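Asker: Quick one: structure below, then a few questions.
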Amino acid sequence: MYRSNTCGELRITDVGKSVTLAGWVQKVRNLGAMTFIDLRDRYGITQIVVNDSSSAQTRETASKIGREYVLQIKGCVIERESKNGKIPTGDIEIQAQEITILNEATLPPFTIEEDSDGGDDLRMKYRYLDLRRPPLQRNLMLRHRMAQEVRRFLDSEGFMEIETPFLIKSTPEGARDFVVPSRMSPNEFYALPQSPQTLKQLLMVAGYDRYFQIVRCFRDEDLRADRQPEFTQIDCEMSFVEQEDVLDIFERWAKHMFKTVMGIEFSNKFLRMPWIEAMEKYGSDKPDMRFGMEFANITSLAKGHSFSVFDDAEYIVGFAAPGCASYSRKQIDALTEFIKRPQVGGRGLVWIRVEESGVKSSIDKFFSAEDVREIASKLGAKAGDMCFIMCGPKFKVLTQLCALRLEVASQLGLRDPKKFAPLWVIDFPMFEWDEETQRFYAMHHPFTSPKPEDVQYLESDPGRVRANAYDFVCNGTEIGGGSIRIHDAKLQALIFKCLGFTPQKAEEQFGFLMNAFKFGAPPHGGLAFGFDRLCSLFGGADSIRDFIAFPKNNAGRDVMLDAPSQIDQSQLDELYLALKEVPQKK
RNA sequence: GGUGUGUUAGUUCAGCUGGUUAGAAUGCCGCCCUGUCACGGCGGAGGUCAUGGGUUCGAGUCCCAUACACACCGCCA
């Protein structure tokens, strides 16, 4: 038996017990005649004391140990002479009788403490050391508890957890696939699933009624702080449901998660905001609702004052930033620079300072004080506020103003990670026009059903068609999304046509699904939640990386494993693969 | 594919308008210390300033390229 107790559980009530502990050395404090050792495991830290009542051999061993040595300590629980109120085990310590070095440790390249001194790069390379740190352990513990609560809730609602394959068929729509060469079928490839979308629909055809899976998905696209090439979804599908049924059950699920994991109760129904409203009021299909600063369209008010920038613009929109009238010229200039960055792409920023004494703006030359006041009032500004206005093509300027709204909110400290503002965004457009390829793409995916009342426009005016699609959004992050699917083979064929698929191409890529729909597909729908994002949302972090045990870096590499890497010629030969030279960069 | 920021001791960073021996903190090593818990005191070791070019009498510092890291845009049905 290596241990009788963990390093986190002994208390004052255990004084007098003989115990054996095992763990890692966090810190050694040698005071000469006595030595304190902080012994750490996943459960906590317990102080070991070695002094003149320890044997000479124990004192000798204690003098040799270094950070991260793995020790076994036999000793007696005693009350501390000076207690430490900062840790749960702070009232007691272990009087060491015997110290066994179970394993020595090379000096780690960074400190393994609550706040490490190591940089990202180094911590990723030695991820197993970083994972010893309490913050990472808390994150993975949170993730574990959340996964358990997901299963508990969905099981209680009759959902069956069913595994679907990872080696499936490539479908070029959507994200780039990761592919796996097949040895037994030379020159053919499997694809790793971007999501188990079609498979879960087939499970509905198969009559399983309610399915879920906490499942890895793969997308070969560039990474972000909240995007990894392999990530985990809570994937769900239900039969005989309409949109309202899906929203109802997963709203209850979300509330269950907030309550059981975070101790937060939402008594009201989550807001349901049509996509067009989200775009016009917040410039985003995933609005951050932790604060106001709603947009208002001032196109008609602002035009016709001989200010050509406005007069030539399609859409003029702004918002009032509360309490920002005190912003200096320098701060306004900095925000102007912010929206002019290529990432945002704004052309310029108009401001109106609203004070008790009156209004002052960057457009005073063109507008009377009365007109400026009217605009400010339309934007909902009160004395002490600052209005920001931008103009341009409608959806472009809305998106740019969204970036500014978030930036101002960050500066005002309104993006509080402890606050949660969940909502559903509904009534998404069915299609998105792509300028580059001059065709419509499915905004969600090609199995999403159109609103029945909009089906009439499918061929005449596809841009007008709304979908039975919905996203779950919280704090400006898309946490999940789904739709009511098409269960009718004829309608599915029509959608493929609208998306520019020839019948042959549709048959080749999705024939298996359309064929299945001929055999009695139930009406069905579902959604999927990004589990990593949900974890980072609950954990109050912007990046999902520290909620994944072994994440990839910005370039999709695992720097610990040094993957991807080359493979042996014999492996290539087996797969009939030949490598091509990579063009040199100029 | 693009934009930005960064790369200096084991680690985290400072190093100004180019100037003579590149600093701090922390970690590490040694000695001292009986109540520490960010222990303390004294001493010590530790650097190809990412790489390659260029400008200059002289480059950690200026310029160009490359590599790597991070954030973002494109991309992510």
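The values are calculated or read from the model by the stated rules, or taken from the named source; none is laboratory data. Computed from a predicted structure; not experimentally measured. Positions of Cβ are backbone-derived with ideal geometry, glycine not excepted, and every protein chain shown enters the neighbour counts. Accessible surface is based on the protein model in full, side chains and every heavy atom, while ligands, DNA and RNA are left aside. Shrake-Rupley method; radii C 1.70, N 1.55, O 1.52, S 1.80 Å.
Asker: Which count do you get for residues in segment A:527-586 that are farther than 30 Å from A:ASP471 by Cβ, hydrophobic (A, V, I, L, M, F, W, C) and assigned to a loop (DSSP other than H, G, I, E, B)?
Answerer: 9
Asker: Sort out which residues of segment A:1-27 are over 17 Å from A:ARG80 (Cβ atoms), within 15 Å of RNA strand B (Cβ to nearest atom) and open to solvent by 50 Å² or more (accessible area, probe 1.4 Å), and write them in order of number.
Answerer: Listed by number, the list holds a single entry, A:TRP24.
Asker: Continuing with this model, one more query. Restricting attention to segment A:529-544, report how many residues are out of contact with any helix residue (DSSP H, G or I) (no Cβ under 8 Å at 6 or more places or on another chain) and surrounded by fewer than 22 Cβ atoms within 10 Å (Cβ to Cβ).
Answerer: 2
Asker: Something else about it: Confirm whether A:ILE92 is in contact with a Lys or Arg (Cβ under 7 Å, 6 or more places away or on another chain), within 12 Å of RNA strand B (Cβ to nearest atom) and open to solvent by less than 20 Å² (accessible area, probe 1.4 Å).
Answerer: For A:ILE92, the condition - in contact with a Lys or Arg (Cβ under 7 Å, 6 or more places away or on another chain), within 12 Å of RNA strand B (Cβ to nearest atom) and open to solvent by less than 20 Å² (accessible area, probe 1.4 Å) - is met.
Asker: Would you be able to tell me the number of residues in segment A:431-466 that are within 10 Å of RNA strand B (Cβ to nearest atom) and open to solvent by less than 40 Å² (accessible area, probe 1.4 Å)?
Answerer: So the answer is 6.
Conditions (1) more than 16 Å from RNA strand B (Cβ to nearest atom); (2) open to solvent by 30 Å² or more (accessible area, probe 1.4 Å); (3) at negative phi, marked per residue:
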| residue | (1), (2), (3) |
| --- | --- |
| A:GLN201 | no, no, yes |
| A:ALA206 | yes, yes, yes |
| A:GLU237 | no, no, yes |
| A:LEU247 | yes, no, yes |
| A:HIS256 | yes, yes, yes |
| A:THR260 | yes, yes, yes |
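Asker: Taking only segment A:209-234 into account, find how many residues are assigned to a strand (DSSP E or B), open to solvent by 30 Å² or more (accessible area, probe 1.4 Å) and either modelled with pLDDT under 95 or near RNA strand B (Cβ under 9 Å from one of its atoms) (or both).
Answerer: Qualifying residue count for the region: 2.
Asker: Looking at segment A:397-421, which of the residues that are among the hydrophobic types (A, V, I, L, M, F, W, C), under 16 Å from A:VAL473 (Cβ atoms) and more than 13 Å from RNA strand B (Cβ to nearest atom) is surrounded by the fewest Cβ atoms within 10 Å (Cβ to Cβ)?
Answerer: Looking at the filtered set, the residue picked out is A:ALA421.
Asker: Scan segment A:28-49 residue by residue and report those that are surrounded by fewer than 16 Cβ atoms within 10 Å (Cβ to Cβ), more than 8 Å from RNA strand B (Cβ to nearest atom) and without any contact (Cβ under 8 Å) to a residue 60 or more places away in the chain.
Answerer: A:TYR43
Asker: Within segment A:487-509, can you find the residues that are in contact with a strand residue (DSSP E or B) (Cβ under 7 Å, 6 or more places away or on another chain) and under 25 Å from A:LEU203 (Cβ atoms)?
Answerer: Result: A:HIS487, A:LEU499.
Asker: Now for a different question. Would you be able to tell me the number of residues in segment A:54-89 that are hydroxyl-bearing (Ser, Thr, Tyr), within 13 Å of RNA strand B (Cβ to nearest atom) and crowded, with 16+ Cβ neighbours inside 10 Å?
Answerer: Result for segment A:54-89: 3.
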